[in-house]
Each structure stands twice: as C-alpha cells, then as structure tokens.
Amino acid sequence: MFNTALVDRETTHPGVLPLDLFAAIESLKKELNAVILAHYYQEPDIQDIADFIGDSLQLARAAANTNADTIVFAGVHFMAETAKILNPDKLVLLPDLNAGCSLADSCPAEAFAAFKAAHPDHLVVSYINCSADIKAMSDIICTSSNAVKIVQQIPKDQPIIFAPDRNLGRYVMEQTGRDMVLWDGSCIVHETFSEKKIVQLKIAHPEAEAIAHPECETSILRHANYIGSTAALLTYCQNSPAQEFIVATEPGIIHQMQKLAPQKRFIPAPPINNCNCNECPFMRLNTLEKVYLAMKNRTPEITMSEEIRLAALRPMQRMLEMSV
Ligand code: 13P
Ligand code: SF4
C-alpha cells in the first residue's frame with residue numbers, strides 16, 4: 001500500500017530515503033509494472049520483498065516467462081544479463097552494477113576464445129555463471145541443477161569443454177563418467193570452506209547431515225550427505241528426517257531453509273579463516289535501499305549489443321529445451 005507521507009518526504013527532502021522502503025518498493029513495482037527476481041543468496045529483506053526467489057535455473061525460467069515490463073534482478077551481473085538476453089525489450093535493472101562474480105571473472109573472453117580454438121572438435125558447455133561474451137561462444141548453457149542431465153544428453157563420442165567452474169566440472173565428470181576438458185575457474189565463496197572445521201562440526205553434531213553445493217571443492221563434497229543446487233538443497237532439507245544440517249554454500253539460503261523448516265537447525269559451514277568470506281561479497285552489494293533507488297531512477301540498466309545477445313540466446317534456449 002502506498003504511503004502518501006513517503007511522497008511528501010521525497011518532495012521535501014530530495015535524495016532522502018523513504019522511511020518505509022518496503023511500501024515504497026511495492027508502489028514502484030506497480031508504477032513500473034516490475035517484477036523483482038531474487039537469488040537465494042540475497043539478504044533476507046530482499047528475499048522478503050521479491051516476487052520470485054530461486055536458483056539460477058528457476059530465475060532464468062522466471063525471466064523467460066514474465067509479462068512484466070521491468071525486471072529488477074536482485075542477484076549478480078551475469079544473472080541480470082541472462083534476463084536481458086531473454087528479454088531484449090524489457091528494462092532490466094541490477095541494484096548495484098558492481099555485483100559481479102569471481103567465477104564469471106575467472107573466464108575472460110579473449111583467453112577463452114584461444115582455449116576454444118585449441119580444442120576445435122569440442123562442444124562447449126558453459127555454466128550459466130559466465131559473461132554474455134562466454135555464453136555467445138558456447139553451444140549449451142547449464143546450471144548447477146541441470147548440468148548432469150545436460151551432459152548425459154550429449155552423444156558419448158562428442159568431446160566436451162566445460163567452463164568456467166572446475167569444481168562443478170569435476171563433479172559432473174564423476175556423475176556422468178564422461179571425460180571433459182575443464183576451464184580452470186572457481187568461485188571464491190565455495191572454495192573458502194574448511195574441511196577440518198566441517199569434520200569437527202560433524203563430530204560435535206553426529207545427527208547432522210552435511211549438504212553442499214557442487215561449486216565446492218572435492219575435499220568438501222566428500223563429506224556431504226547430499227550435493228545439489230541451491231534449490232535442490234532447500235528441498236532436501238525440507239524432506240529429510242534430519243533435524244540439523246551443516247550447510248556448505250552461501251549462508252543467505254538459510255533464510256528460506258529456516259522459513260520452510262522452522263523447527264530444524266541450520267549451521268553454516270565455516271570458512272578457513274575467521275572471516276565472513278562464506279558470504280558472497282558480490283551478492284551482498286545489493287541492499288533494499290539500492291533496490292528502491294534502482295527502481296526510482298530506472299538505473300543501473302543492463303545493456304548489450306544485439307549481436308552478442310543473439311549469439312548468447314542460442315545456447316540459453318538449448319538449455320531451456322534440454323532441461324524440461
Ligand atoms: P545455483 O543458484 O544455480 O545453485 O548457483 C549458485 C551460485 O553460485 C549462484 O551464483
Ligand atoms: Fe559468483 Fe560465487 Fe558469488 Fe555465486 S557465490 S555469485 S559463483 S562469486
């Protein structure tokens with residue numbers, strides 16, 4: 001519901017944030033015919049104001065199916081770019097343009113073009129956590145929830161390059177028995193977990209189940225009772241009879257886990273150092289204030305050349321077809 005006090009405050013104090021950001025964002029949603037899509041790693045307030053929360057695949061599907069004129073993407077740059085690839089005529093806003101991704105950055109376009117040229121017979125399967133330029137050089141996109149399924153559909157005699165995440169690539173190789181040429185990229189968040197501290201937690205909580213995202217290193221995955229995408233981890237926690245979980249992924253997802261299973265206990269897997277480095281510094285750049293300002297000012301907007309968009313769209317569409 002729109003609060004007229006907000007209008008007055010905006011008029012009399014230009015640049016001052018409204019007192020009730022939730023109400024102001026709701027009002028802007030109507031004004032812009034906007035939808036707010038949020039990843040599970042966003043701060044709780046953003047998850048609570050979002051129209052749709054999901055993992056990368058669910059968010060890509062939501063972006064493909066929305067009738068809104070404006071997509072406010074509360075996530076990182078490659079996710080908002082994906083929404084723009086699928087919706088060239090919509091205004092796509094990212095609350096903080098600096099919300100990048102260490103994994104996407106670990107695969108620069110020029111170096112990847114040379115890598116691809118060195119493996120001319122290979123089909124390129126790229127994890128969605130990459131730039132539009134890398135998508136444009138790929139044959140099929142995948143996410144952590146459909147990577148195994150997609151690789152299984154590729155003929156066995158077809159050599160494959162998998163980029164950019166070496167940990168997810170290794171996990172897919174194990175699950176499918178396929179050999180793949182891996183790009184040597186990784187996520188700083190999922191490589192921060194301490195194997196020693198996870199083992200100590202398992203000893204201290206013998207009934208707890210360890211769950212992990214496949215972007216984690218093999219040394220962490222081998223202690224996991226269950227491995228899956230953020231959405232799969234969420235479903236697993238709801239359905240498992242276990243009452244305690246050690247969660248080896250970005251702890252933002254614990255907000256939804258706790259909402260869906262309030263009686264259960266979720267322990268974030270600790271990082272090696274005494275730091276908050278298990279929180280994604282890029283995802284956390286988005287705040288409720290920035291969501292409001294992006295909608296109010298219609299910026300920062302995601303743009304790209306039509307040539308790159310069309311080239312990146314083809315492997316995205318293949319993914320959506322192959323993961324129904
Ligand atoms: P999913 O949402 O596909 O599980 O990916 C996690 C991630 O790291 C997103 O950046
Ligand atoms: Fe990128 Fe890792 Fe952050 Fe996901 S958690 S957005 S892969 S840096």
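The values are calculated or read from the model by the stated rules, or taken from the named source; none is laboratory data. The structure displayed is predicted, hence computed values, not measured ones. Cβ coordinates were reconstructed from backbone atoms using ideal geometry, including for glycine residues, and neighbour counts include every protein chain displayed. All accessible areas refer to the heavy atoms of the entire protein, side chains included, with ligands and DNA or RNA removed. Shrake-Rupley method; radii C 1.70, N 1.55, O 1.52, S 1.80 Å.
Quick notes
- Taken over region 80-89, residues that are more than 12 Å from ligand 2 (Cβ to nearest atom) and open to solvent by less than 10 Å² (accessible area, probe 1.4 Å) amount to 3.
- Pairs meeting the criteria (first residue in region 75-90 and among the β-branched types (Val, Ile, Thr), second residue open to solvent by less than 10 Å² (accessible area, probe 1.4 Å) and away from ligand 2 (no atom under 16 Å from the Cβ), beta carbons under 8 Å, at least 6 apart or on different chains) are Thr82/Ala63; Thr82/Met316; Ile85/Ala312; Ile85/Met316.
- Residue match in region 272-291 (condition: within 24 Å of Lys196 (Cβ to Cβ) and in contact with a Gly (Cβ under 9 Å, 6 or more places away or on another chain)): yes
- For region 200-210, the criterion of being among the polar types (S, T, N, Q) and open to solvent by less than 30 Å² (accessible area, probe 1.4 Å) is met by no residue.
- Members of region 276-290 that are surrounded by fewer than 16 Cβ atoms within 10 Å (Cβ to Cβ) and either more than 15 Å from ligand 2 (Cβ to nearest atom) or among the basic types (Lys, Arg) (or both): Glu289
- Candidates are the residues of region 191-249 that are within 13 Å of ligand 2 (Cβ to nearest atom), farther than 18 Å from Val148 by Cβ and not in a loop (DSSP other than H, G, I, E, B); the one that is nearest to the chain's Cα centre (by Cα) is Ala248.
- Once region 92-114 is narrowed to residues that are crowded, with 18+ Cβ neighbours inside 10 Å and more than 16 Å from ligand 2 (Cβ to nearest atom), the residue that is farthest from Glu307 (Cα to Cα) is Leu93.
- His77 vs. criteria within 15 Å of ligand 2 (Cβ to nearest atom), within 17 Å of the chain's Cα centre (by Cα) and open to solvent by 50 Å² or more (accessible area, probe 1.4 Å): yes
- Residues of region 218-242 that are in contact (Cβ under 8 Å) with a residue 40 or more places away in the chain and buried (at least 19 other Cβ atoms within 10 Å of the Cβ): Ile220, Leu221, Ile227, Gly228, Ser229, Thr230, Ala231, Leu234.
- Residue check: Asn278 meets all listed conditions (1) assigned to a loop (DSSP other than H, G, I, E, B); (2) more than 21 Å from the chain's Cα centre (by Cα) but one, namely (2).
- For region 147-195, a tally of residues being open to solvent by 10 Å² or more (accessible area, probe 1.4 Å) and among the aromatic types (Phe, Trp, Tyr) returns 2.
- Every residue from region 282-324 that is in contact (Cβ under 8 Å) with a residue 40 or more places away in the chain and in a loop (DSSP other than H, G, I, E, B): Phe282, Asn286, Thr287, Arg298, Thr299, Pro300, Ile302, Thr303, Met304, Ser323
- Selection status of Ser144, hydroxyl-bearing (Ser, Thr, Tyr) and either over 20 Å from Ile246 (Cα atoms) or surrounded by fewer than 19 Cβ atoms within 10 Å (Cβ to Cβ) (or both): no
- Any hit, region 215-226, residues being over 21 Å from Cys277 (Cα atoms) and touching a helix residue (DSSP H, G or I) at 6+ places or on another chain (Cβ under 6 Å): yes
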